[in-house]
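The block underneath contains the structure these notes are about, expressed in structure tokens.
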Amino acid sequence: MPKFYIETVGCQMNVLDSEQAVAGLRRCGFERTTDKKDADIILFNTCSVRQHAEDKVYSALGRLKHWKELHPNGIIGVLGCMAQKDQKLIFQRAPFVDLVLGPGQLDKLPGIICDFLQTNTAGCRLPAANLLQVSLTRLEHRHSDVADSFQQYDPLRDAGSRKNKFQAMVRIMFGCDKFCTYCIVPKVRGPEQSRPPKEILDEVKILADEGVLEITLLGQTVNSYKYLNGGTCSVKLADLLYQISEVNGIRRIRFVTNYPIGIDDDLLFAVRDLPKVAPYLHVPAQSGSDSVLKRMKRQYTVPQYKELVEKIYATVPDAAITSDFIVGFCGETDEEFQATVDLVKFARFKNSFIFKYSERPGTKAAELYADNVPEEIKKERNNELLRIQDEIGLELNKTFISKEVEILVDGKTGKGGTSSAANVQLSGRTACDRIVVFDSPDDSLIGQFIKRRIADAAPFTLFG
Ligand code: 5AD
Ligand code: SF4
């Protein structure tokens with residue numbers, strides 16, 4: 001059978017999409033290879049959140065021109081967010097691409113690849129070439145039609161397509177309706193839709209039977225999860241956490257990403273009261289300045305965000321909070337940036353993901369505001385915020401020294417052992433998502449919950 005190679009850029013949603021694409025292709029008998037040279041089919045699952053991620057895919061495609069000349073019957077496919085955003089532009093920039101498939105069409109991938117191969121073997125390739133399938137766009141179509149055009153695609157995966165046997169992601173929502181002005185996601189991932197709780201629970205039970213211990217629930221704004229039954233809100237994220245907690249075998253439950261509005265008491269009580277739910281909340285603030293938040297069309301103010309942070313720490317005292325920030329957003333002044341520094345100091349995040357603003361054509365910010373903070377300043381602000389965040393991360397991590405923590409060991413670090421040449425260095429995560437590395441005689445602890453006493457700490461890592 002033909003072999004496929006798949007490269008994935010972007011967020012956990014994309015990683016899960018790729019797992020499902022891999023599972024679908026395998027079910028049809030295709031074999032996965034990790035070596036491009038070996039492949040008959042080369043696929044890129046792409047991201048559009050920042051320009052850099054797109055540039056990387058276009059240059060990788062550029063390098064494949066020669067491959068296509070050598071393998072005229074080989075198939076090159078661009079999948080995911082960039083496919084939905086750029087559509088025909090991809091064929092213009094890389095005419096040798098065969099297939100452009102949006103994130104809502106991935107269920108069709110195996111069938112399309114089979115059709116391609118059939119036409120190829122029949123020697124009449126062209127009718128199927130340059131195939132473009134994407135979802136309807138919001139501006140031109142009715143909301144329900146657009147929602148339907150993003151396939152609610154979540155078939156069960158084979159365990160082999162996941163990173164390992166004991167951790168799994170489960171999508172509980174699709175899309176986003178927030179329309180932050182800088183963000184392309186609502187355009188490429190479509191309207192917010194919550195999956196029925198029964199479907200989610202069935203999936204979790206099967207995963208638990210396959211030996212999964214840790215589940216990460218995914219949604220672009222996961223705390224907006226709401227399954228409506230007959231017009232009344234019947235199941236919210238908090239309810240879902242209670243239901244999933246009942247599943248035997250599952251020992252740890254995480255959920256990402258939260259929007260700062262809509263983290264209600266019920267959700268915080270569920271995090272506090274359910275032992276399986278990790279005391280870890282990723283709640284992107286994006287900026288610590290009210291004027292910037294307004295330009296970003298985030299729907300909260302800095303005082304509201306601070307109040308939320310206080311409430312999280314008061315309700316779940318051992319909670320770890322993490323955030324995302326964009327520095328150098330349109331018109332960001334030194335004072336506005338300073339307000340972000342102040343918020344990072346106030347909130348004492350476990351860590352923050354910091355991004356330099358990248359203008360995305362098709363977003364409101366690109367239409368309304370100039371991307372006028374020079375690259376040099378963006379870099380400086382990025383480094384400055386990272387430095388402050390690292391100091392806080394280190395202070396918080398030091399409080400763990402000499403304490404015992406429970407971790408799920410998830411793999412090797414790739415570095416050799418430190419105490420003895422015979423050792424391997426393993427790594428795992430605590431419930432509050434802290435990375436713990438430690439030496440072990442072998443890798444037999446991978447996939448197990450174990451206790452380790454912490455000997456030392458760095459900004460991102462604890463040493464057991
Ligand atoms: N430029 C830079 N960062 C962005 N993000 C989203 N859109 C952009 C953009 N245009 C960041 C936000 C979001 C994270 C996933 O990516 O911080 O939370
Ligand atoms: Fe993008 Fe805002 Fe939706 Fe997050 S909430 S995906 S930043 S539009």
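The values are calculated or read from the model by the stated rules, or taken from the named source; none is laboratory data. Remember, it's a predicted structure, so these values are computed and weren't measured experimentally. In this analysis, Cβ positions are derived from the backbone assuming ideal geometry, glycine residues included, and neighbour counts consider all displayed protein chains. Surface areas here come from the heavy atoms of the whole protein model, side chains and all, with no ligands, DNA or RNA. Shrake-Rupley method; radii C 1.70, N 1.55, O 1.52, S 1.80 Å.
With respect to G393, is the statement that it is farther than 23 Å from M296 by Cβ, assigned by TED's automatic domain parsing to the domain that holds P284 and small (G, A, S) true?
yes
Please verify whether E406 is open to solvent by 30 Å² or more (accessible area, probe 1.4 Å), closer than 29 Å to K345 by Cα and among the charged types (D, E, K, R), treating the condition exactly as stated.
Taking the combined requirement at face value, the residue satisfies it.
Considering only residues that are among the small types (G, A, S) and surrounded by 14 or more Cβ atoms within 10 Å (Cβ to Cβ), look in the range 227-248 and name the one that is farthest from K178 (Cα to Cα). Show your work before the answer.
Start the filter on the range 227-248 by keeping residues that are among the small types (G, A, S), which leaves 230-231, 234, 238, 245.
Next cut, surrounded by 14 or more Cβ atoms within 10 Å (Cβ to Cβ) only: 238, 245.
Numbers: A238: 21, S245: 29 Å.
So, considering only residues that are among the small types (G, A, S) and surrounded by 14 or more Cβ atoms within 10 Å (Cβ to Cβ), the one farthest from K178 (Cα to Cα) is S245.
Which members of the range 249-262 meet the condition of being within 16 Å of ligand 1 (Cβ to nearest atom) and open to solvent by less than 10 Å² (accessible area, probe 1.4 Å)?
F255, N258, Y259
Just the residues that are of a type in the set (A, V, I, L, M, F, W, C) and either more than 11 Å from V134 (Cβ to Cβ) or touching a Cys at 6+ places or on another chain (Cβ under 9 Å) (or both), please, taken from the range 79-97.
Passing the criteria: C81, M82, L89, F91, A94, F96, V97.
Can you name the residue in the range 214-226 that is surrounded by 20 or more Cβ atoms within 10 Å (Cβ to Cβ) and under 22 Å from K276 (Cβ atoms) and is also farthest from ligand 2 (Cβ to nearest atom) among such residues?
Of everything passing the filter in the range 214-226, E214 is farthest from ligand 2 (Cβ to nearest atom).
Restricting attention to the range 1-17, report how many residues are in contact with a Leu (Cβ under 8 Å, 6 or more places away or on another chain) and either open to solvent by 10 Å² or more (accessible area, probe 1.4 Å) or part of a helix (DSSP H, G or I) (or both).
8
With the requirement that a residue be open to solvent by 10 Å² or more (accessible area, probe 1.4 Å) and within 8 Å of ligand 2 (Cβ to nearest atom), what does the range 170-187 give you?
C176, D177, K178, F179, C180, Y182, C183, V185
Any residue at all in the range 307-319 that is within 23 Å of the chain's Cα centre (by Cα), more than 16 Å from ligand 2 (Cβ to nearest atom) and open to solvent by 50 Å² or more (accessible area, probe 1.4 Å)?
no
Check T340, T333 and return the single one that is farther than 24 Å from Q220 by Cα and over 22 Å from the mean Cα position of the chain (by Cα).
Sole residue among the options that is farther than 24 Å from Q220 by Cα and over 22 Å from the mean Cα position of the chain (by Cα): T333.
Do you know which residues across the range 330-345 are assigned to a helix (DSSP H, G or I) and either within 13 Å of ligand 1 (Cβ to nearest atom) or not aliphatic (A, V, I, L, M) (or both)?
Answer for the range 330-345, where residues must be assigned to a helix (DSSP H, G or I) and either within 13 Å of ligand 1 (Cβ to nearest atom) or not aliphatic (A, V, I, L, M) (or both): D334, E335, E336, F337, Q338, T340, D342, K345.
Are any residues in the range 44-95 within 16 Å of ligand 1 (Cβ to nearest atom) and assigned to a helix (DSSP H, G or I), and if so, which ones?
Q51, H52, A53, E54, D55, K56, C81, M82, Q84, K85, D86
Could you list, in sequence order, all residues of the range 346-392 that are near ligand 1 (Cβ under 9 Å from one of its atoms), among the small types (G, A, S) and assigned to a loop (DSSP other than H, G, I, E, B)?
Scanning the range 346-392 gives a single hit, S358.
Is it the case that T46 is in the same structural domain as V134 (by TED's automatic domain parsing), open to solvent by 10 Å² or more (accessible area, probe 1.4 Å) and among the β-branched types (V, I, T)?
no
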